[in-house]
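Right, one structure below, let's go through it.
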Amino acid sequence: MKNEDIIILEDNSATASYLKFILSMIYPTRRIFIFESVVESIAWLSVNEPKLALIDLGLPDGSGLELLNAIKTKNKKITAVIVTIMGDDDTGFSALSLGADGYILKDEEENFIHRALEKIEQGEPPLSAS
């Protein structure tokens, strides 16, 4: 059976809970794991393979780009979406050039984030307009 796990790399517990709540409504049968550090998430990835990863960039122990790189090195088919407050062009370009499948700004409206995450299954990349 194909792995359907989802991971969230987010050090803000309120944001992580919010994202998990949305994902659990969209994907009620999938297991969702939350990690607060790059090191923890990469350690989990070394023995597991998620279907979907939501990745924050600014973390206490490094950048979520490290996890993104590890994911895309392991399997380019894993959907990896950046969810961050960093809306500058350089950060977005770096993430997309490393293989991010989407880029969502945390300050988007809840309905936008929900719809963007729902559309992943249809192959539509979630991208904030800015």
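The values are calculated or read from the model by the stated rules, or taken from the named source; none is laboratory data. Here the structure is a predicted model, which means the values were calculated and not measured. The area values use the complete protein model at the heavy-atom level, side chains included, leaving out ligands, DNA and RNA. Shrake-Rupley method; radii C 1.70, N 1.55, O 1.52, S 1.80 Å.
A few points about this structure:
- By accessible area, using a 1.4 Å probe on protein heavy atoms only, region 56-109 has 53% of its surface on carbon and sulfur.
- In the context of the full set of protein chains, residues of region 36-130 present 52 Å² of accessible surface per residue (probe radius 1.4 Å, heavy atoms only).
- Note: region 73-117, Cα convex hull, 67 Å³ per residue.
- The DSSP beta bridges internal to the chain are antiparallel in roughly 10% of cases.
- Rounded to the nearest 500, the 222 nm mean residue ellipticity of the chain from helices alone is -11500 deg cm²/dmol, with -39,500 (n - 2.57) taken per DSSP H run of at least 4 residues.
- Filter on 20/77; 20/72; 20/106 - keep pairs with C-alpha separation over 20 Å: 20/77; 20/72
- Inter-part distance, region 61-76 to region 89-105, computed on C-alpha centroids, equals 12 Å.
- The alpha carbon convex hull volume per residue for the chain rounds to 99 Å³.
- The accessible-area ordering, largest first, of the residues 72, 77, 106 stands as 77, 106, 72, per a 1.4 angstrom probe.
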